[in-house]
Amino acid sequence: MIPSNSLQGSTARRAKLRDLIRQHGFVSVPDLRAAMDVSESTIRRDLESLEESGEAKRTHGGVFFTGPSSTVRQFQSQRADDDETWEKKRLIALAAAALVEDHDTLLLDGGSTTYELARQLVGRPLQIVTNSLPVANLFSTQDAVDLVLLGGAIHHRTGVTHGPFTDQMLEAINVQKAFLSVAGVNMKGFFNSNMLLVETERCMMRAADRTIIVADSTKFGRSSLARMCEWSDVATLVVDDALAEAWRDHAKQSNTQLILASEPNPQERQAS
């Protein structure tokens, strides 16, 4: 049995480590070792624990902070309400990240699934355009990312910009891939609940060479206030493997590439 004082010590150490990374955004392993006055093997074990909890992401030579900030409270509450759905979002984000190549120019909207995708992209050399304050905050301290935050009116519940100023900025840019989230999907197409946001997402689609929708299977068979687009407007759909067969058939009939995200097997996880 591990002594309770040892557990308390490791918990306190990891909390201090997390605070250091959060304060600086990125910290090298040697700097962490010096600041914490522990061995490199201990630092690496602690970083592994923080990475598993989604609070940090290791990269060559150091670690980035990817944990929650004050701007992502809505995501934290969603996660607390339904861990099973959030796990689906995590798997979707992993599959979507595999579609991204280094130095791609990407557009990310403000959904919880696209935020999970953004966390998977931390540390990679990319150009990121976003209307999401939480996503922008995630990349704001990273030298590897060329970040563009779209201006406009802020939707306070979600922390995204939308409206005519946002749409005007989108008219002047081009991205290779736009990753968008939705509130509902049915046979007629893809939906979101805010009409101004939907118009901004349509502008995002026009600015992109390829539109990729990320949506968990619970969104299917539902609609919302405003239809964003039809199935034929979407190049790729990334969804968890709980998606019903009827929706898989409909994606095929619509010529929409369907990528089903699932938990990697142990061999794949070890290789990664």
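The values are calculated or read from the model by the stated rules, or taken from the named source; none is laboratory data. Values in this document were obtained by computation on a predicted structure and should not be read as measured data. Neighbour counts are summed over all protein chains in view; Cβ atoms, including those assigned to glycine, are modelled from backbone coordinates with ideal geometry.
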Is it true that some residue in segment 192-201 is of a type in the set (Gly, Ala, Ser), at pLDDT 95 or above and either out of contact with any helix residue (DSSP H, G or I) (no Cβ under 8 Å at 6 or more places or on another chain) or assigned by TED's automatic domain parsing to the domain that holds Trp86 (or both)? no
Take residues that are touching a strand residue (DSSP E or B) at 6+ places or on another chain (Cβ under 7 Å), crowded, with 17+ Cβ neighbours inside 10 Å and of a type in the set (D, E, K, R) and tell me which of the helices (runs of 4 or more DSSP H) falling wholly in segment 145-262 contain 2 or more. 195-207
What are the residue pairs meeting all of these: first residue in segment 248-272, first residue modelled with pLDDT of 95 or more, second residue hydroxyl-bearing (Ser, Thr, Tyr), Cβ atoms under 9 Å, and 6 or more apart or on different chains? His250/Thr256; Ser254/Ser232; Asn255/Ser232; Thr256/Ser232; Thr256/Thr236; Gln257/Thr236; Leu258/Thr236; Ile259/Thr236
